[in-house]
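Accompanying notes for the structure given below.
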Amino acid sequence: MNVAERSTNLCLYNTLSRRVEPFRPIDPDRVGIYGCGPTLYGPAHIGNFRTFLFYDLLHRYLSWKGFRVHFVMNLTDVDDKTIRAARAAGLSLREYTAPYLEAVMDEAELLGVRPFSAYPRATEYIEPMIELVQRLLERGLAYSTPDGSVFFDISEFPDYGRLSGRDLDEARQSERVVEDDYGKDDARDFAVWKGAKEEDEAVGAAWDAPWGRGRPGWHLECSVMALSEVGETLDLHLGGEDLIFPHHEDEIAQSEGVTSRTFARCWVHAKHLRVDGRKMSKSLGNILTVRDLLEEGISPATVRHQLLSAQYRTELNFTREGLEASAKAIQRLLALDDRLRSHPVAQDAPGTDLPDICAQATETFQSAMDEDLNVSSAIAALFGFLNKVNSALDAAPRVLQSERAEAVAVLDSLDQVLGFLEVGRRSREVDSELREWVEGRIEARARARADRNWAAADAIREELANRGITLEDGPAGTRWTSDSASVDTPRAQG
Ligand code: AMP
Ligand code: ZN
């Protein structure tokens with residue numbers, strides 16, 4: 001299938017039109033996407049990663065279809081929450097947010113999130129933020145208050161509320177915006193700039209602006225980073241469902257207020273992850289991070305599979321049973337990968353069904369993904385392929401080299417989008433490096449014991465124990481087990 005054929009047919013649910021629509025970028029050679037990224041006030045949890053993996057899936061799928069994608073995900077390193085937390089910790093914003101930034105980037109890489117085109121940090125865009133506020137003031141869309149704050153005047157923006165479809169008279173009272181009480185005219189107006197308070201100064205979150213010292217509002221930050229890094233009109237703006245109101249509604253008002261152009265042609269929102277049937281929240285104490293799961297020995301590929309297993313608009317409930325099923329799915333894929341690549345070939349082998357199986361798999365996979373990224377059906381297509389290839393190989397002790405190569409190519413192609421093998425193979429490499437190292441140490445210990453150097457032998461046992469490796473000596477030699485489930489255990493040695 002050529003790129004032109006592939007690039008059509010994708011449909012996505014647009015929150016703005018409330019319909020599943022064909023995806024038609026302004027310029028297929030540069031699809032411009034902005035996704036709201038993490039707020040660096042604490043560790044990102046697996047719910048955030050459901051959303052980031054949804055971004056990754058869309059990013060990979062658009063690239064697979066032949067689009068050139070310019071995908072920007074921001075980092076929120078200044079807002080109410082980061083300031084409050086930095087203040088409580090007695091650190092500057094930079095110092096406070098640095099470890100969370102490092103952790104979220106590391107975890108994204110471990111889960112196989114492909115690098116995005118840019119990661120703008122809010123604190124590096126203060127200058128253009130001040131310019132945008134200035135333009136809003138000049139256009140009469142915003143007003144300043146005596147404490148140096150600036151508010152967007154929503155009575156000047158008739159389209160306000162179109163994205164969320166909210167009744168605005170009641171909407172704003174209950175939301176995250178309640179905190180934005182800096183002397184505004186109307187409860188529905190929102191802060192684009194917040195006059196500096198003592199706590200802002202203390203953490204280095206205050207900048208001079210013509211109307212007064214202060215800091216940008218959270219919604220303004222995303223408008224400016226999107227306009228600066230992607231352009232005046234985005235093909236897609238992404239985020240979790242909680243951001244529709246007020247965050248994205250406010251982004252539209254500010255951006256369209258200054259450009260007088262459509263800010264984003266299509267808005268796509270991912271549904272929140274639930275944990276054991278409940279909303280994940282700090283107050284319920286059910287926050288889980290990717291690191292927590294990896295420390296339990298769950299492999300990154302398993303976590304990736306689980307968080308991607310449901311289409312972005314459907315409920316995904318994170319459970320232990322679900323993780324076990326994902327671990328099995330990854331094992332079956334890795335086993336197929338090995339089997340297929342090493343299956344014997346012969347020039348005179350009779351033809352098999354493999355070419356038909358391949359054509360059908362790509363077709364079914366693509367139609368599922370085109371249908372509003374129906375990833376669960378796409379994964380089912382992959383497993384349908386797996387079962388049929390296994391049966392074809394069972395029936396054919398030898399296959400034609402070209403047929404085997406085609407099947408390998410299909411497996412790799414679908415994995416370009418799903419990334420399960422990509423991430424699964426990495427853990428196996430780590431496993432095999434670990435295995436080599438452990439076995440080398442066990443040999444050294446056996447030599448030390450043969451020399452009756454008990455102190456050296458004990459030191460090696462301890463060195464291994466510190467890495468979570470337990471040794472068991474028996475008549476058949478020394479067996480070892482690892483407390484990391486990413487290494488198959490137990491394993492015999494000697
Ligand atoms: P935050 O760090 O809270 O600014 O969120 C970063 C991204 O994760 C945003 O797009 C949120 O909408 C999204 N998000 C937050 N909580 C969840 C959740 N439980 N499930 C899925 N996505 C979430
Ligand atoms: Zn945002």
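The values are calculated or read from the model by the stated rules, or taken from the named source; none is laboratory data. This structure is a prediction, so every number in the text was calculated from the model and none was measured. Glycine also receives a Cβ, built like all others from the backbone with ideal geometry; neighbour counts cover every protein chain displayed. What goes into the accessible areas is simple: the full protein's heavy atoms, side chains included, and nothing from ligands, DNA or RNA. Shrake-Rupley method; radii C 1.70, N 1.55, O 1.52, S 1.80 Å.
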Q) Since Pro216 meets every condition but one in (1) within 16 Å of ligand 1 (Cβ to nearest atom); (2) touching a His at 6+ places or on another chain (Cβ under 8 Å), which condition does it not meet? A) (2)
Q: Kindly indicate the residue of segment 344-356 that is within 38 Å of the chain's Cα centre (by Cα) and open to solvent by 20 Å² or more (accessible area, probe 1.4 Å) and also farthest from Gln401 (Cα to Cα) among those meeting that condition.
A: Asp356
**Q.** Matching residues in segment 236-257 - criterion: being more than 15 Å from ligand 1 (Cβ to nearest atom) and open to solvent by 10 Å² or more (accessible area, probe 1.4 Å)
**A.** Ile252, Glu256
Q) Which residues, taken from segment 276-309, are surrounded by 17 or more Cβ atoms within 10 Å (Cβ to Cβ), touching a residue at least 60 places away in the same chain (Cβ under 8 Å) and outside any loop (DSSP other than H, G, I, E, B)? A) Val290, Leu293, Leu294, Pro300, Ala301, Val303, Arg304, His305, Leu307, Leu308
**Q.** Condition met for Leu62 (in contact (Cβ under 8 Å) with a residue 24 or more places away in the chain, within 16 Å of ligand 1 (Cβ to nearest atom) and outside any loop (DSSP other than H, G, I, E, B))
**A.** no
Q | segment 200-224 residues that are assigned to a loop (DSSP other than H, G, I, E, B), paired with ones that are among the basic types (Lys, Arg) and open to solvent by 40 Å² or more (accessible area, probe 1.4 Å) (beta carbon under 9 Å, 6 or more apart) | A | Gly204/Arg94; Ala206/Lys197; Ala206/Arg213
Q.
Residues that are under 30 Å from Glu199 (Cα atoms) and within 16 Å of ligand 2 (Cβ to nearest atom): does segment 56-73 have at least one?
A. yes
Q. Pick from Ala310, Ala327, Ala270: which is over 24 Å from Leu75 (Cα atoms) and within 13 Å of ligand 1 (Cβ to nearest atom)?
A. Ala310
Q. What number of residues within segment 464-478 are under 22 Å from Asp431 (Cβ atoms) and surrounded by 10 or more Cβ atoms within 10 Å (Cβ to Cβ)?
A. 10
(Q) Among the residues in segment 359-371, are any aromatic (Phe, Trp, Tyr), part of a helix (DSSP H, G or I) and either at pLDDT below 95 or surrounded by fewer than 20 Cβ atoms within 10 Å (Cβ to Cβ) (or both)? (A) no
**Q.** Number of positions in segment 231-256 that are touching a Gly at 6+ places or on another chain (Cβ under 9 Å), among the small types (Gly, Ala, Ser) and within 12 Å of ligand 2 (Cβ to nearest atom)
**A.** 2
Q: Test each condition in (1) within 16 Å of ligand 2 (Cβ to nearest atom); (2) surrounded by fewer than 23 Cβ atoms within 10 Å (Cβ to Cβ); (3) under 19 Å from Ser17 (Cα atoms) for Ser228 and report the one that comes out false.
A: (3)
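Conditions (1) of a type in the set (Ser, Thr, Tyr); (2) surrounded by fewer than 21 Cβ atoms within 10 Å (Cβ to Cβ); (3) more than 10 Å from ligand 1 (Cβ to nearest atom); (4) in a loop (DSSP other than H, G, I, E, B), marked per residue:
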| residue | (1), (2), (3), (4) |
| --- | --- |
| Gly37 | no, no, no, yes |
| Tyr41 | yes, yes, no, yes |
| Ala44 | no, no, no, yes |
| Phe49 | no, no, no, no |
| Leu58 | no, no, yes, no |
| His70 | no, yes, yes, no |
| Arg84 | no, yes, yes, no |
| Ala88 | no, yes, yes, no |
Q. Which is free of Cβ contacts under 8 Å to residues at least 40 places away in the same chain, in contact with a strand residue (DSSP E or B) (Cβ under 8 Å, 6 or more places away or on another chain) and surrounded by 15 or more Cβ atoms within 10 Å (Cβ to Cβ), of Arg435, Arg461, Arg441?
A. Arg461
